[in-house]
Amino acid sequence: MHTGQHYDYEMDALLFEQLCLPQPDYNLGVGSGTQSAQLGNLFQALEPVLAFEMPDWVLVYGDTNSTLAGALMASRLGLRVAHIEAGCRSYVASMPEEQNRIITDHLSTLLLTASPAGNTNLLREGIGSPGDPRQRTVEFVGDLMLDVLLSSRNRLDETAKSLLPPLGLTPGGYYLLTLHRAENTASAELLLPILSALQSANLPVVFPVHPRTRRMLAQIDAASVVNLKQIPPLGYFEMLCAIKHSRRVITDSGGVQKEAFYLRLPCITLRRETEWPETVDAGLNTLVGMDPVALSQALANPPCLPADYPAPYGDGAASAKVLDLLLYASDTASRQLSIANSE
């Protein structure tokens with residue numbers, strides 16, 4: 001099922017094409033909008049589909065509004081929820097993604113974590129503990145994003161031949177910037193200081209502009225940032241290629257932090273916290289918040305890369321582990337139902 005929250009070609013249809021994914025049976029076409037409008041549209045669109053299909057499991061991924069809506073509607077219909085990427089915490093209660101994560105985790109029956117830290121966070125909240133009254137299952141499976149990246153890695157050098165020369169770029173000769181979170185892009189007063197700080201960069205800053213950010217850029221003088229190279233959103237392979245061949249990544253995206261980590265690229269994160277602390281502990285991620293001075297200092301001080309790269313997010317076989325756990329849980333439930341009916 002595709003909620004339709006992303007509808008730009010580069011962020012939607014192209015992903016299906018590049019990863020050879022079948023078209024979803026349902027496209028809800030929710031689109032963008034305010035938080036309340038988006039959640040309301042998701043509930044209205046999801047309810048008849050789930051009520052008709054009545055699946056054994058409803059799988060929800062990550063921390064988006066779609067994740068929350070899927071978990072809530074499935075729970076209302078008495079369906080079991082499996083949360084992939086469970087247990088992530090930034091411990092910033094005002095962050096919408098954090099609210100979505102916590103509620104989804106507490107509604108889920110099967111919680112599949114991307115790192116051991118996720119298990120620790122859930123146990124701290126009583127989920128999956130010996131005293132858990134709901135007997136929820138918590139399993140570390142690793143990160144599905146790593147699975148996809150490893151399966152795509154061999155295509156990145158070929159992609160570079162068609163991506164970099166038209167942009168006038170060479171490997172290692174640019175920084176890559178992504179910005180889309182509301183706390184960085186909701187107003188010119190938030191966005192412009194970040195962009196202005198990038199003028200201290202000693203290399204061009206390539207900026208694939210997210211649709212949300214594009215609307216704000218139209219209201220400010222982003223052209224005054226002389227070394228900022230704005231380009232349209234990139235497809236999945238193109239984005240991985242741009243990360244791999246950059247000198248350094250500057251982002252407010254949780255996913256891009258991990259992709260940079262997997263590709264062993266140093267990252268500067270424009271947030272005060274991260275739900276992926278392992279990337280910081282490894283020395284590959286520097287948190288600068290929304291402070292332009294801290295951003296300039298981070299750009300001027302290259303990180304000390306680790307001699308050994310840790311692997312906290314699994315071995316690239318998360319998808320197989322998820323499938324095995326779902327099949328095992330479904331088989332166990334069927335046996336229990338059969339026993340109950342025979343008594």
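The values are calculated or read from the model by the stated rules, or taken from the named source; none is laboratory data. Everything quoted here is computed from the prediction, not taken from an experiment. Positions of Cβ are backbone-derived with ideal geometry, glycine not excepted, and every protein chain shown enters the neighbour counts.
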- Query: Looking at region 305-343, which of its residues are at pLDDT below 80 and not β-branched (Val, Ile, Thr)?
  - Reply: 330, 331, 333, 334, 335, 336, 337, 338, 340, 341, 342, 343
- Query: So residue 38 fits all but one of (1) part of a helix (DSSP H, G or I); (2) modelled with pLDDT of 95 or more; (3) surrounded by 14 or more Cβ atoms within 10 Å (Cβ to Cβ); what number is the exception?
  - Reply: (2)
- Note on the structure: Among 98, 158, 47, the single one that is without any contact (Cβ under 8 Å) to a residue 12 or more places away in the chain, part of a helix (DSSP H, G or I) and surrounded by fewer than 19 Cβ atoms within 10 Å (Cβ to Cβ) is 158
- Task: Go through the residues of region 89-102 one by one and say whether even a single one is in contact with a helix residue (DSSP H, G or I) (Cβ under 7 Å, 6 or more places away or on another chain) and of a type in the set (Asp, Glu).
- Result: no
- Which residues, taken from region 139-155, are loosely packed, with under 12 Cβ neighbours inside 10 Å and either within 20 Å of residue 208 (Cα to Cα) or among the basic types (Lys, Arg) (or both)? none
- Task: Could you tell me whether residue 169 is part of a loop (DSSP other than H, G, I, E, B) and either at pLDDT 90 or above or under 30 Å from residue 75 (Cα atoms) (or both)?
- Result: yes
- Query: Can you name the condition, by its number, that residue 131 falls short on among (1) surrounded by fewer than 17 Cβ atoms within 10 Å (Cβ to Cβ); (2) touching a residue at least 12 places away in the same chain (Cβ under 8 Å)?
  - Reply: (2)
